[in-house]
1. For the Cα atoms of the chain, what angle does the longest principal axis make with the long axis of helix 189-199, in degrees from 0 to 90, nearest 10?
2. Mind checking the dipole of the range 142-230: about its Cα centre, +1 per Lys or Arg Cβ, -1 per Asp or Glu Cβ, Debye to the nearest 20?
3. Between V269 and N130, with labels modelled 7 Å along Cα→Cβ, what's the label distance in nm to one decimal, could you check?
4. Suppose the chain between M84 and V57 were pulled fully straight at 0.36 nm per residue; how much longer would it get relative to their current alpha carbon spacing?
5. Given H placed on each backbone N at 1.01 Å, which residues far from R263 in sequence or on other chains put an amide H within less than 5 Å of it?
6. How big is the antiparallel share of DSSP beta bridges in the range 128-275, given as a percent to the nearest 5?
7. Based on C-alpha coordinates, I'd like the Rg and Dmax of the range 242-316, in Å.
8. Can you tell me what the convex hull of the Cα atoms of the range 24-167 projects to on average, as an area in nm²?
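The values are calculated or read from the model by the stated rules, or taken from the named source; none is laboratory data. Bear in mind that the values here come from a model prediction, so they are computed numbers and not experimental data. Note: ideal-geometry Cβ built from the backbone for every residue, glycine included; neighbour counts use all protein chains shown. Just the protein is used for accessible areas: all its heavy atoms, side chains included, with ligands, DNA and RNA removed. Shrake-Rupley method; radii C 1.70, N 1.55, O 1.52, S 1.80 Å.
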Amino acid sequence: MPLPAELDRTDPEAAIALAAGRNSNWGRWGADDVLGTLNFLTEDKRVEGAALVRRGVSFSLAQSFDMDGPQKGWRRRTNPVHTMLDTGTDAERGVQGFPHGIGGADDVISMPLQASTQWDGLGHIFDHGNAWNGRRAGDVVTSDGDKVTGIQTAAAHIAGRGVLLDVGRVIGHSIGTDGELPDGFAITTEHLQATIAAQGESARVGRGDLLCVRTGRLARARREGWGDYAGGDSPGLSFTTADWLHDTEIAGIATDTWGFEVRPNEFDVAFQPLHQVCIPNIGLFLGEMWDLDALAADCATDGQWDFFLTAAPLPVTGAVGAPVNPIAVK
């Protein structure tokens, strides 16, 4: 896709520096802050979200956690490996050593914490050696993990009003791609606003909301096979949305793609430049590889695009990201 006119494809350093400077939240909640934009998700916002439960129908927004996932080993990211420690066969054969005929099964899983549906924590990405809130990256994340903004600090906070913007459906329909955006499609602020306008009042986006953006990329991967879903070309957020993501004061944003932002990135030489602005500078929580298809179908049917969303990350102490099973309740 062509680069938006306001960006110079040859100069990502300047674009990142300008966007980071305009949108920095450093110091906004004090020098000791570890929550970033989750500060917008107040008790009132949770009450607002809870009031959206009308029918009691719920949707898991998680992909499967198994060996058939999309990972291909990039930076040693592999799919989860599930191993049984005790089985029904062991119980039948009486080799478990339990009394009076009781038996059981037990298991273990080995996986990178960002192998499937997950949140990026605030210690995941740095900007020129700086972590969230202006801390030095080496003072935050060491071989012992993230000692300041570990993902466990967010575990009690991510529940409130969720909003789904089905950009794949609205914009995809307008460009003739039948509910799915093509790889390399950069979702601009104008696309987001057009989707909100098309979906109506329940799709308004503002302070403290947990925003879900469906591109249709996961639906295509299910139909055609994983291919390069993990790390390859993909629709996603344009770098130019940085100001909108900051100014709307959302608490977090999640997509159905591997990397949240459009790939290839919108510069000649770059790697995830929107991450570089959003996480260490805005303090924004990013969710990736969320499964939004069933929820989107329901929202299109009843015309209600907001819901109660609870999406607590697994509180792995010191982790810079963690798996999550988001639940949307309508």
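1. Once rounded, one gets 70 degrees.
2. Values: 10 positive and 11 negative charges, 48 e Å.
With only Lys, Arg, Asp and Glu charged at Cβ, the dipole is about 240 debye.
3. According to this spin-label approximation, the distance is 2.3 nm.
4. Numbers: separation 27, 0.36 × 27 = 9.72 nm, distance 3.29 nm.
Gain on extension, M84 to V57, equals 6.4 nm.
5. Close amide H contacts, sequence-distant or interchain: G184, S234, G236.
6. On the way: 4 of 16 bridges.
That works out to approximately 25 percent antiparallel.
7. 14.5, 43
8. Working: hull surface 60.0 nm².
Seen from a random direction, the Cα hull of the range 24-167 projects 15.0 nm² on average.
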